[in-house]
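Colleague: Quick one: this structure, given as structure tokens, is what I'll be asking you about.
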Amino acid sequence: MFDGGERTADAIAINDCNLLVVDQRDFIPFLKSRGDLCIAFLRLLSQRLRHTDELVEAAMFEPLESRLAKTLVRLASEAGSGNGVEPPLQLRVSQQELAGMIGASREKVNKQLRVWQRAGLLELAKRRVVIRDIGALQEPI
């Protein structure tokens, strides 16, 4: 959208949705007329770059167990109410999606999830993870 280069990511809708397509030749002149939106986009891009840097650093230096636990806690927090997260909390996410989020193979994610399932921290179902003990996942690993 901004530089005319190829997209670096794809998205797949899991529910029906309406999409709006905006062409670059329409978008850039619009931004030129709205400096406030340019600043907002710069903030958003900076946040996303910072998040990407954190993901790369975690993938390089943190063990899979820690990355997976942090991701599950983050997803649980996003799915929970503003009053906090109360188990059991059901997350609609596949093991393949989790693997993609943390930069690991689905097989390794499955192996770690099974360890936590045997320990009673969570339950696994098709495209779902039910967290029983979020406190244990939040403990330093």
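The values are calculated or read from the model by the stated rules, or taken from the named source; none is laboratory data. This is a predicted model, so every value here is computed, not measured. With ideal geometry, Cβ positions are generated from the backbone for all residues, glycine too; neighbour counts draw on all protein chains shown.
Colleague: Among Leu42, Leu75, Leu49, which is the only one that is loosely packed, with under 15 Cβ neighbours inside 10 Å, part of a helix (DSSP H, G or I), within 17 Å of the chain's Cα centre (by Cα) and modelled with pLDDT under 95? It would help to see each step written out before you state the result.
Modeller: Details: Leu42 fails: within 17 Å of the chain's Cα centre (by Cα); Leu75 fails: loosely packed, with under 15 Cβ neighbours inside 10 Å.
After applying the criteria, what remains is Leu49.
Colleague: If Met1 meets every condition in (1) touching a residue at least 12 places away in the same chain (Cβ under 8 Å); (2) closer than 30 Å to Arg127 by Cβ apart from one, which number is that one?
Modeller: (2)
Colleague: Give me the pairs: first residue in segment 120-139 and on the phi < 0 side of the Ramachandran plot and touching a residue at least 60 places away in the same chain (Cβ under 8 Å), second residue surrounded by 14 or more Cβ atoms within 10 Å (Cβ to Cβ) and among the basic types (Lys, Arg), beta-carbon distance under 9 Å, and six or more apart or on different chains, which are they?
Modeller: So the pair list comes out as Leu137/Lys70; Gln138/Lys70.
Colleague: Check segment 10-32 and report whether any residue there is of a type in the set (Asp, Glu), in a loop (DSSP other than H, G, I, E, B) and more than 22 Å from Arg106 (Cβ to Cβ).
Modeller: Among the residues of segment 10-32, at least one is of a type in the set (Asp, Glu), in a loop (DSSP other than H, G, I, E, B) and more than 22 Å from Arg106 (Cβ to Cβ), which makes the answer yes.
Colleague: Does Gly35 satisfy being out of contact with any Cys (no Cβ under 8 Å at 6 or more places or on another chain) and loosely packed, with under 10 Cβ neighbours inside 10 Å?
Modeller: The answer is yes for Gly35.
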